[in-house]
Structures are given as C-alpha cells and as structure tokens.
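The values are calculated or read from the model by the stated rules, or taken from the named source; none is laboratory data. For clarity, every value in this text was computed on a predicted model and none was experimentally measured. Here Cβ is always computed from backbone atoms with ideal geometry, including for glycine, and neighbour counts include all displayed protein chains. Just so you know, the surface numbers come from the protein's heavy atoms only, side chains and all, with ligands and any DNA or RNA stripped out. Shrake-Rupley method; radii C 1.70, N 1.55, O 1.52, S 1.80 Å.
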Amino acid sequence: MFSRTTTIFALPFLSAMVSASQVNLNALFKPHLSSGARIILPSSQNYTTQAIQRWTVWEEPTYIGAIQPATEEDVEQIVKIAAKPPFLATGAGHGFGLGFGQVQNAIDIDLSQFKSVAIDAENNILTVGGSVTFSDIFQPLYDVGKEVPTGNIPCIGIMVGATLGAGVGPLQGLHGFIIDSLHSVRLTTASGDTVTVSKTENPDLFWAIRGAGANFGIITWANYTTYDSTNGGQVINADFLYAASANTSVFEALASFDEYIPSELGLSVEMSFNQTSKEAILVVNFIFFGNQTEAQPYLDRFNSIDYLFTDLQYVSWPELDGFSDFGPMALPALK
Ligand SMILES: Cc1cc2nc3c(=O)[nH]c(=O)nc-3n(C[C@H](O)[C@H](O)[C@H](O)COP(=O)(O)OP(=O)(O)OC[C@H]3O[C@@H](n4cnc5c(N)ncnc54)[C@H](O)[C@@H]3O)c2cc1C
C-alpha cells in the first residue's frame with residue numbers, strides 16, 4: 001500500500017524534473033495505483049482510441065500521457081504525486097474554454113473508468129461516475145419511470161462536466177438547471193483528500209462547485225435527485241431547418257416565448273454553415289414533454305415560417321438521442 005511517507009518523497013522528486021517529457025509515468029505512478037488503473041502514453045498505438053479525445057482541437061491542452069484511475073484512492077494518489085507537471089481531469093472532452101490551451105505537457109486524469117450508473121428509485125437518487133454521459137442514463141431512468149434534467153440530447157456530453165457549469169437542457173423548465181438536482185458528490189481536493197460534498201457536508205464547497213465546479217476538485221461520483229417521468233417519458237421532438245434569409249422570422253418566433261414559455265417546452269437554435277450549399281443555416285430543435293395536441297400551438301409558430309426541412313416524432317425520452325437535431329434516426333426520413 002502506498003504510504004503517506006512515500007507521497008511526501010514523491011512530490012519533491014517530481015518537482016525536480018527538468019522537463020515534463022522526461023517524466024516516466026509508468027515508473028512514477030504505477031507502483032502506487034490499483035491493478036485496474038491504466039497509463040496510456042501518446043506514443044501508444046491505442047492512445048486515440050483508449051484515452052478520451054477532445055471534441056475540438058481548438059485551444060486544446062497537450063499531455064505527456066493519460067492516467068485512467070480505477071478507484072477513488074487512485075485519484076487521490078495521482079493528485080498527491082503530480083505536483084509538476086500540471087494535471088487536468090477529463091470527463092468527456094467537451095470543454096472548449098480558452099484556458100485549456102494554457103495547459104501544456106500535462107497529465108490527463110482520464111475518468112473514463114468512472115462509468116457506472118445506479119438508481120435508487122424508491123428514494124429518488126441517481127448515482128453516476130465522473131465520466132457518465134447523458135446517453136448512459138436515459139434508458140435506465142426511463143425504465144424505472146424517472147427523469148433528471150440533462151443537456152441537449154444529441155450532445156454526447158457528460159453529466160458531471162455539464163453539471164459543473166450549471167447544465168442547461170430541455171427539462172430545465174420543469175426541474176431547473178442540472179445543478180438544481182445535484183444532491184451530493186465525492187470530490188478529491190488539491191491536497192489529494194476525498195470528501196463528501198452536499199448541503200450538509202462541506203456546504204461551502206457544495207455552493208462553489210455548482211457553477212464553477214471544475215476549479216475545486218475531481219468529482220468521482222455524483223448523486224442527483226430524480227423525478228417521476230413527465231408524460232410517461234413520451235416526448236414530441238421537432239426540428240426545423242431554415243435558410244439564413246428566414247432569420248428575422250425565426251428570431252421573432254423565438255422571441256414570442258419571452259413572456260411565456262410552457263415548462264414542458266425546451267427550444268434551442270443553432271447557426272451553422274452548410275458546406276454543400278455554401279450558405280448559413282439555422283436549425284431550431286423543439287422538445288415538448290407532452291403530446292402533439294398540447295404541443296401544436298407552439299409548433300405552429302415554427303411551421304408557419306418557410307423551412308427547408310422539418311421532421312416531427314413522438315418518441316420515448318431515450319429515443320430523443322437518435323432523433324433530435326436531425327439525428328441519425330431522423331436522417332433517413334429526410335432523404
Ligand atoms: C457539442 C457540445 C454540446 C454541448 N451541449 C451542452 C448542453 O446541452 N448543456 C450544457 O449544459 N452544456 C453543454 N455543453 C457544454 C459542456 O457541458 C461543457 O463544455 C462541459 O464542461 C463539458 O464537460 P466534459 O466533461 O465533456 O469536458 P472536459 O473537457 O472533459 O472537461 C471540462 C472541464 O470540466 C472538468 N471536469 C470534467 N469532469 C470532471 C469531474 N468529474 N470532476 C472535476 N472536473 C471535471 C475538466 O477538468 C475541465 O476543466 C456542450 C458542449 C459541446 C462541445
């Protein structure tokens with residue numbers, strides 16, 4: 001077992017390194033980690049398939065290697081040993097803040113082994129590992145008649161990563177931001193100690209992580225309050241693709257919800273560039289946790305604008321993953 005004495009020796013040892021590239025991650029970390037922990041070097045053939053890759057290469061951090069802890073104790077040891085070079089936790093790699101580019105030659109604490117999902121339906125608690133994605137939780141929750149707020153559906157985004165920045169998504173009108181459902185977390189601090197953080201335990205830290213969480217520690221597990229499925233978990237999804245010339249009408253339709261938007265409705269709009277037509281386009285995604293009759297008056301505001309394509313489905317909450325934002329399940333219908 002790795003003792004505190006060993007840790008104290010390890011810190012000055014690593015700090016004295018002249019160059020991050022000379023750090024031998026296997027020699028330095030492996031003896032102190034559980035047998036399930038993995039170290040993957042960029043020189044490895046499997047680096048891009050086994051270590052979580054970033055969603056964008058813009059302002060990306062660079063790493064001397066990824067360490068995938070298997071236990072909470074592994075996370076503690078990595079943090080204690082890694083005084084220098086810097087380290088960064090990776091959940092699903094969907095972060096795109098400007099600061100990431102300043103993290104160079106770092107150790108990637110890749111949380112991909114923290115992937116379990118557990119539901120206590122009786123007590124309305126969902127427990128997820130630090131790298132669980134939205135897609136991992138839809139079906140298990142739906143199967144027991146529950147839901148929690150998540151991000152927008154097609155994003156393969158991560159539950160904890162999104163939570164740390166508040167977390168916006170289609171169930172926001174009914175249940176608030178994702179942080180509003182956060183019940184408690186297990187968090188490894190910069191000193192390498194793991195604490196429970198909730199309204200009653202370390203409440204100041206609980207306040208801090210709900211919005212600026214990525215700065216305060218590494219979350220290995222998070223517990224969320226769950227809710228009974230709205231409309232039995234059946235959802236209206238509609239997508240509208242508009243030419244840029246329709247933008248005034250589209251934004252007027254969106255603005256018509258300024259005074260009142262039903263709690264069951266989530267709207268998002270994307271602006272992008274169509275490489276084929278070489279024109280800007282707008283996509284409106286409409287998600288309504290109710291039936292079509294209830295949704296129709298709100299759908300009509302977008303149907304009445306001259307669209308290029310549209311699609312409409314009444315699907316289960318987990319199926320949104322494939323349909324919304326003209327997802328892969330919706331595309332055949334467009335052909
Ligand atoms: C295509 C796309 C769609 C998105 N859609 C939505 C959406 O619908 N709703 C929404 O709210 N947000 C959305 N986001 C924003 C996204 O939630 C944030 O960028 C979030 O930070 C991504 O977390 P990640 O773990 O995937 O990213 P990472 O790059 O892995 O991490 C981002 C930051 O969070 C830290 N972090 C990640 N996991 C942990 C952890 N377990 N413990 C401690 N720190 C951690 C990392 O260290 C890093 O600082 C979207 C982003 C993209 C790129």
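A few notes on this one:
- Part-to-part distance (alpha-carbon centres) for segment 73-110 and segment 275-335, which is given in Å: 38 Å
- Estimated Rh, the chain: Kirkwood, alpha-carbon pairs, angstrom: 21.8 Å
- Calculated on C-alpha atoms, the gyration radius of segment 192-265 divided by its Kirkwood radius gives an Rg/Rh of 1.18.
- Annotation: residue 115 carries an accessible surface of approximately 90 Å², with a 1.4 Å probe and no ligand, DNA or RNA atoms counted.
- Multiplying the residue separation of residue 291 and residue 254 by 0.36 nm and subtracting their alpha-carbon distance yields 11.3 nm.
- At full extension, residue 231 and residue 316 could sit 29.6 nm farther apart than now, given 0.36 nm per residue minus the alpha carbon distance.
- Residue-averaged 222 nm ellipticity for the chain, from DSSP H runs of 4+ at -39500 (n - 2.57), nearest 500: -7000 deg cm²/dmol
- Environment charge of residue 289, counting only residues whose C-beta is closer than 9 Å and scoring Lys/Arg +1, Asp/Glu -1: -2
- Taking all Cα pairs closer than 8 Å and separated by 6 or more residues, the relative contact order of the chain comes to 14 percent.
- Residue 178 accessible area, 1.4 Å probe, all protein chains in place, Å² to nearest 10: 0 Å²
- The 1.4 Å probe gives accessible areas that order 58, 221, 207, 317, largest first, as 207, 58, 221, 317.
- For segment 23-165, the alpha carbon convex hull comes to 129 Å³ per residue, rounded to a whole number.
- Heavy-atom accessible surface of segment 24-100: percent carbon and sulfur, 1.4 Å: 55 percent
- Applying 0.36 nm per residue to the separation of residue 56 and residue 261 and subtracting their alpha-carbon distance, the gain on full extension is 70.5 nm.
- With the simple spin-label model, which puts each label point 7 Å out from Cα in the Cβ direction, the residue 243 to residue 144 separation comes to 5.1 nm.
- Solvent exposure of the chain as accessible area per residue, Å², 1.4 Å probe: 48 Å²
- Principal axis extents of the Cα atoms in segment 96-184, from largest to smallest and rounded to whole angstrom, are 46, 28, 25.
- Exposure rank, largest accessible area first [293, 189; 1.4 Å]: 293, 189
- Furthest towards positive pole of dipole, 132, 310, 111, structure part the chain, Cβ charges: 111
- Accessible-area value, residue 52, 1.4 Å probe, nucleic acids and ligands omitted, Å²: 40 Å²
- Counting only protein chain heavy atoms and rolling a 1.4 Å probe, the accessible areas of 96, 114, 216 rank, largest first, as 96, 216, 114.
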